[in-house]
Amino acid sequence: MSAIGRPPFHNKARTTIWCGYWIVIFVLTHRPLGDIGKPPFPGADKVVHFVLYFGLTWLGAWRRRTSPAGYNPASVLVWAGIYVVYGGIDEWLQSYVGRTMSLFDWFADVAGVAAASVVILLSKKRK
């Protein structure tokens, strides 16, 4: 069944999952570090940032796949830009909850967005 022919519930469910994931990321990145504990190895926080933003980008494309407009390379790039800007704002806001704003965390966010965008674009090409 095509994405356009899917029932509206399917679109709402995907949108809810995507928005819920985004909210979870926000909550996780805005808790004081004392609540989270020390990373198990050096650089673990960068891996977490990469994975979280890869997931956000992939879920956003997964959600758009069911919308009538679908997604195309331009929309993938526009949303990648939105996620990159959000990642920067997210890092800046962390300084207000007793966390350190880190350019390297933002680089990990950007790398996650870029990697997911490449995967999305390549998987669309194969279809």
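Observations, loosely collected:
- Of all the listed residues (90, 109), the sole one being charged (D, E, K, R), at pLDDT 95 or above and part of a helix (DSSP H, G or I) is 109.
- Segment 108-127, residues that are within 14 Å of the chain's Cα centre (by Cα) and in contact (Cβ under 8 Å) with a residue 40 or more places away in the chain: 108, 109, 110, 111, 112, 113, 115, 116, 117, 119, 120
- Pairs, first farther than 18 Å from residue 79 by Cβ in segment 1-20, second part of a loop (DSSP other than H, G, I, E, B) and at pLDDT below 90, C-beta under 6 Å, six or more apart: 4/68; 6/66; 10/66
The values are calculated or read from the model by the stated rules, or taken from the named source; none is laboratory data. Everything numeric here is computed off the predicted structure, so don't read it as measured data. No Cβ is skipped: glycine too gets one built from the backbone with ideal geometry, and neighbour counts run over all protein chains shown.
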